[in-house]
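Engineer: For reference, the structure I am asking about is given below.
Each value in this text was obtained by applying a stated rule to the coordinates, not by laboratory testing. Here the structure is a predicted model, which means the values were calculated and not measured. Note: ideal-geometry Cβ built from the backbone for every residue, glycine included; neighbour counts use all protein chains shown.
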Amino acid sequence: MHGRIAGAARAVRAYDDPVKRAAVWAKIPAVDLANRAMIAMTRPMTDASHCSASCPTSVEGTRATKRRPEQPGQGGAAQTGTFRYCLLKELLRWFKHDFFKWVNEAPCDECGGPTSRLGGAQPTEEERRFGAGITEVFRCKGKDGRPPCQGVTRFPRINDPAKLLETRRGR
Ligand SMILES: [Zn+2]
């Protein structure tokens, strides 16, 4: 139990590194997401396209059903709350659908074709350095009806946030 708590604490601290935080900020298309959030604010909450997902009817105590953002000085705090809410939803949408790729079977490193899982393997020293406790191994099944290329693909279950910014894939 103590080991699991210590491991979780280590994982959380890995996200509290200023260098890694800067790397995260460099990846986020903040202006684009802010623009999308502003557009989302102009849609009524009942619009299915609002924030690219359903929204609650109340954000920080106010119904945000207006078609246009209020001007400065007109319920600014509520508008700020609505904007932050829409921005957060846009950030989550981008992270889940645009930035990261969900991987069940890792595509073949050699030909990009589908694979089947062979099993687990011990991580290499480098994979372990990025927090992998296990590495999944996949065998090529052949792309576009062609025979398998004999490629064997390793999929280390990386936990290092900075490395995940490079690989952009996980499960
Ligand atoms: Zn292949």
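Engineer: Students often forget the sequence filter, so: which lysines lie under 23 Å Cα-Cα from LYS96 once same-chain residues fewer than 8 apart are removed?
Structural biologist: Within the straight-line limit of under 23 Å, LYS96 reaches these lysines: LYS20, LYS27, LYS163.
Engineer: Let me ask something else. Could you work out the local net charge near LYS89, counting Lys and Arg as +1, Asp and Glu as -1, over the other residues with Cβ closer than 11 Å to its Cβ? Provide the component values of the computation, followed by the final result.
Structural biologist: Numbers: positive: ARG36, ARG84, ARG93, LYS96; negative: GLU90.
Net local charge, LYS89 excluded: +3.
Engineer: Peptides 89-97, 33-41, 7-15, 139-147: what's the order by average Cβ count within 10 Å, highest mean first?
Structural biologist: On the way: 89-97: 15.7, 33-41: 17.8, 7-15: 11.0, 139-147: 13.7.
So the peptides 89-97, 33-41, 7-15, 139-147, ranked by packing, come out 33-41, 89-97, 139-147, 7-15.
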